[in-house]
1. Tell me which residues, restricted to the range 130-147, are under 14 Å from residue 182 (Cα atoms) and in contact (Cβ under 8 Å) with a residue 40 or more places away in the chain.
2. Of the residues in the range 446-502, how many are outside any loop (DSSP other than H, G, I, E, B), at pLDDT 85 or above and polar (S, T, N, Q)?
3. Regarding residue 213, is this residue charged (D, E, K, R), under 17 Å from residue 427 (Cα atoms) and in contact (Cβ under 8 Å) with a residue 24 or more places away in the chain?
4. Take residues that are closer than 16 Å to residue 145 by Cα and either modelled with pLDDT under 90 or aliphatic (A, V, I, L, M) (or both) and tell me which of the strands (runs of 3 or more DSSP E) falling wholly in the range 158-215 contain 2 or more.
5. For the range 250-290, give me each residue that is modelled with pLDDT under 95, of a type outside the set (Gly, Ala, Ser), crowded, with 20+ Cβ neighbours inside 10 Å and in a loop (DSSP other than H, G, I, E, B).
6. For the range 458-473, how many residues meet the condition of being in contact (Cβ under 8 Å) with a residue 40 or more places away in the chain, farther than 18 Å from residue 255 by Cβ and surrounded by fewer than 24 Cβ atoms within 10 Å (Cβ to Cβ)?
7. Which of the following residues is in contact with a strand residue (DSSP E or B) (Cβ under 8 Å, 6 or more places away or on another chain), more than 23 Å from residue 27 (Cβ to Cβ), crowded, with 17+ Cβ neighbours inside 10 Å and not β-branched (Val, Ile, Thr): 174, 149, 165?
8. Of all residues in the range 404-431, which are under 25 Å from residue 310 (Cα atoms) and in a helix (DSSP H, G or I)?
Amino acid sequence: MLLELKGIQKRFGGVVALRNGNLAVEAGEVHLLLGENGAGKSTMMKIVAGMQLADGGEILWKGRRVSFGKPADASGMGIAMVHQESLLAPHLTVAENIYLGREPRLPLGWVNRRKMLADARRLIEEQHFPLDAGWRVEKLSPAGKQLVEICRAIAHGSSLLIFDEPTSSLSGHETKEVFRIVKTLRERKMGVIYITHRLEELRTVGDRVTILRDGETIHSCGLHEISNERIIQHMVGRELGAMYRREPVTPGEELLRVEGLTRKPALENITLSVRAGEIVGMAGLIGAGRTELCRALFGLDEIDSGTVKLAGKPAVIHSPRGAVEGGIALIPEDRQQTGLATALPIGYNLTLADIGKVCRMGWLLDAAREKAIADEYIRKLRIKCESPRQLAGRLSGGNQQKVVIAKWLVRGAKVFLFDEPTRGIDVGAKVEVYEVMDELARGGAAILMVSSELPELLQVADRILVMRQGRLTGELPGRTTQEEIMTLATLHDGGALIGEKE
């Protein structure tokens, strides 16, 4: 046995992150670690990687009890972690990052850069990675940065590698490359712990699975012994049914109409409409223009030609301010970077889009009013938090997404642009986001929803628009098939899979 965790406990103030975490990983095994956001997965792995200290329980490494006070302790034992958000030094080269802190030295103590570069190139070549040792990390894609972290782990002689949501921001091609790498590591008898929310990935890479819920290990078994439905039930503590399926409502007035919208070279002659009560899905390939359309409608990118009408009235949108004043809301695909102020409390985030509601005399913050609004929307959207004073960055992914949505509800938006609304959140939280979107639509909002997950579009959307290379290629009813969407998205041009991300 490579690693054993027994009864691991961890508190953050009054919050219990782990109450009884148990895990056993063997050499040559890919062990899947599953659970909803906030279940304790990342906390458990940070303890294993020496980034946090456990409050209780035992860690056994190759049968010997250990304690890691800092990452260097875990690294020295042979444990490495590939983080969801890269921890590399962006201004350094690939080679410098691989050997950071362990650079080969010349007799007088200077860094032997020639040897470091040669060693890095040899290592990269052995792994068949599309990297150059001399490239600067800041120029790499998210997938490229993950490859550098894997190279660093291998160079340091790691025998256990932890992947934290490795494919959450990768395209379909890059995801397949990660799968290949994981299988190669398994063949080399390394242990792999693989955290993911994507149930479709499980059977591709995993051998065994451990499921956490509310900080406790609920179930552990061989992957062949359990169905996806049973996994979901263990994760959320209830049966969700085979699929979420939204029941559509009769649409009301047309709240958004776009005619001939063009922004070279990304968008050309886009015409569409969304009515009150509708959720209109948007499908397409990499570079199809879906995100670019959301950006143009929200005033982030200037359009070259075309018209936009909001509730039947012409709208001239030159900036996000103009879009917000017109009643448009954008829920961006990267909620942490562009949707939230993660270092500020939840209450601040909820009122940022309409600060006037919580100000007296135009400039003095009314703390009582802010708290009242925050309490109201925390209750309405069932946001799980300690209080409105909790930092937004401390919330789980699903609850962060609810805060982004609630911010626009406070503002009174009626047209919602959802760009990849469930990216990086677990299956239970996805259903909660779908339910919030359904409530918005039933309350009279119009929703345009971009998603790279075809099952999601089929579950949620009333109609599905398909884009290809900046143009709309067709419209399908919500009860269509993945094959029909794929046909309109590719038009047999040999393009990337529709599941790939922009």
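1. Of everything in the range 130-147, just one residue is under 14 Å from residue 182 (Cα atoms) and in contact (Cβ under 8 Å) with a residue 40 or more places away in the chain, namely 146.
2. At the first step, the residues of the range 446-502 found to be outside any loop (DSSP other than H, G, I, E, B) are 446-450, 454-460, 463-468, 471-477, 482-490.
After this cut, where a residue has to be at pLDDT 85 or above as well, the list is 446-450, 456-460, 463-468, 471-477, 484-485, 488.
Then drop every residue that is not polar (S, T, N, Q), which leaves 459, 473.
Total satisfying the criteria: 2.
3. Working: charged (D, E, K, R): yes; under 17 Å from residue 427 (Cα atoms): yes; in contact (Cβ under 8 Å) with a residue 24 or more places away in the chain: yes.
Yes; evaluated as a whole, the condition is true for this residue.
4. Numbers: elements: 160-164, 191-195, 208-213.
Of the strands (runs of 3 or more DSSP E) lying wholly inside the range 158-215, those with at least 2 residues that are closer than 16 Å to residue 145 by Cα and either modelled with pLDDT under 90 or aliphatic (A, V, I, L, M) (or both) span 160-164.
5. Within the range 250-290, just 285 meets the criteria.
6. Summing the residues that are in contact (Cβ under 8 Å) with a residue 40 or more places away in the chain, farther than 18 Å from residue 255 by Cβ and surrounded by fewer than 24 Cβ atoms within 10 Å (Cβ to Cβ) in the range 458-473 gives 6.
7. Answer to the check: 165.
8. Those that are under 25 Å from residue 310 (Cα atoms) and in a helix (DSSP H, G or I): 404, 405, 406, 407, 408, 409, 410, 411.
The values are calculated or read from the model by the stated rules, or taken from the named source; none is laboratory data. Here the structure is a predicted model, which means the values were calculated and not measured. All Cβ positions, glycine included, derive from the backbone under ideal geometry; neighbour counts span all protein chains shown.
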